[in-house]
Amino acid sequence: KRVVVFISGSGSNMMALAQACQDPDFPAEIACVISDKATAGGLAKAQEFGIPTLVFERKTYADKAEHEASILAALSEIAPDLICLAGYMRLISGDFIAPYEGRIINIHPSLLPLFPGLHTHERAIESGTKITGCTVHFVTEGMDEGPVIGQAAVPVLAGDDANTLAARVLTVEHQLYPLALKLLAEGKVRMEGGKAIRGDDA
Ligand code: GRF
């Protein structure tokens, strides 16, 4: 399956996917990495891997609709089977999702439905929870709301701050995201009726 990965930042999850895709038995390959920020550190990492990159800098577009239209036009040439959002910091619209319904997934650094949105780790620590983690889910119009494909948990330790907790969660993000992409690429999970359906005949 041909995959496009969307990033805005350091791209460590994108790299975890790229490394998984290097295995000839892995059922996906990254056709392109798209960033909405020219300064995203992940762009250089993708290029080192020989993955083509495209930048659609937000501020060069009049509004969100133009920004998305421009990305959609590029995608129609690349013709990806699947899209992975990996630290892509812009909410995508229903119109963008429609042509790729059930084929866009995202990783979020909490055990959804807990702590959607920004400042996840600060809020997890503040809540007093002793466990947190990450979630890979299908992308729907609501932020961090789509059906859950998989989750991984880590402890919140005494003395954690947002940085130490984020680093611990990232280690399991890098394991979970390739597993979730593999399931989707092999047709072992699909979105139907607002749910993620698992099984070999999914
Ligand atoms: C990750 O924690 C991801 O879950 C969140 O943003 C962070 C991106 O990190 N959405 P990276 O760019 O993959 O290193």
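Only the coordinates and a few stated rules stand behind these numbers; no lab work does. Keep in mind that this is a model prediction, so the values were computed, not measured. Because the Cβ atoms are built from the backbone with ideal geometry, glycine has one as well, and the counts that use them run over all protein chains shown.
Listed values for the stretch 34-42 are Karplus-derived 3J(HN,Hα) couplings in whole Hz (6.51 cos²θ - 1.76 cosθ + 1.60, θ = phi - 60°), namely 10, 10, 9, 9, 5, 8, 4, x, x, and x replaces Gly and Pro. The alpha carbon centroids of the stretch 46-96 and the stretch 128-175 are separated by 24 Å. Evaluate the Debye formula for the stretch 59-116 with equal point scatterers sitting on the alpha carbons, no solvent, and hand back log10 of I(q)/I(0) at q = 0.13, 0.22, 0.23 Å⁻¹, in q order, two decimals. With no solvent term, the Cα-only Debye profile gives -0.40, -1.00, -1.07. Calculated translational diffusion coefficient of the stretch 99-202 (4 °C, 1.567 mPa s; Stokes-Einstein with Kirkwood radius over alpha-carbon pairs) equals 92 µm²/s. Remark: spin-label model distance Leu118-Glu48 equals 2.9 nm, labels positioned 7 Å along the Cα→Cβ axis.
Projected onto its three principal axes, the C-alpha set of the chain covers 49, 43, 33 Å, listed from the longest axis down.
Taking each pair of different alpha-carbon atoms in the stretch 1-100 once, compute 1/r for the pair, average those values, and report the inverse of that mean as the Kirkwood hydrodynamic radius in Å to one decimal. One over the average 1/r among Cα pairs gives 13.6 Å for the stretch 1-100.
With the highest mean first, a sort of the peptides 158-165, 135-142, 94-101 on other beta-carbon atoms found within 10 angstrom per residue produces 135-142, 94-101, 158-165. The relative contact order of the stretch 1-100 comes to 38 percent, based on Cα pairs under 8 Å that sit 6 or more residues apart. In terms of distances greater than 30 angstrom between alpha carbons, the cross-link table entries Lys37/Lys182; Lys1/Lys45; Lys45/Lys195 yield Lys45/Lys195. With a cut-off of 15 Å between beta carbons, the residues surrounding Pro178 carry a summed charge of -2, where Lys and Arg count +1 and Asp and Glu -1.
In sequence order, the stretch 43-60 has phi-based couplings of 5, 5, 5, 4, 5, 4, 7, x, 8, x, 10, 9, 10, 10, 5, 3, 6, 8 Hz under the Karplus curve 6.51 cos²θ - 1.76 cosθ + 1.60, θ = phi - 60°, and Gly or Pro positions carry x. Computed from label points 7 Å out along Cα-Cβ, the spacing between Ala73 and Arg58 is 2.1 nm.
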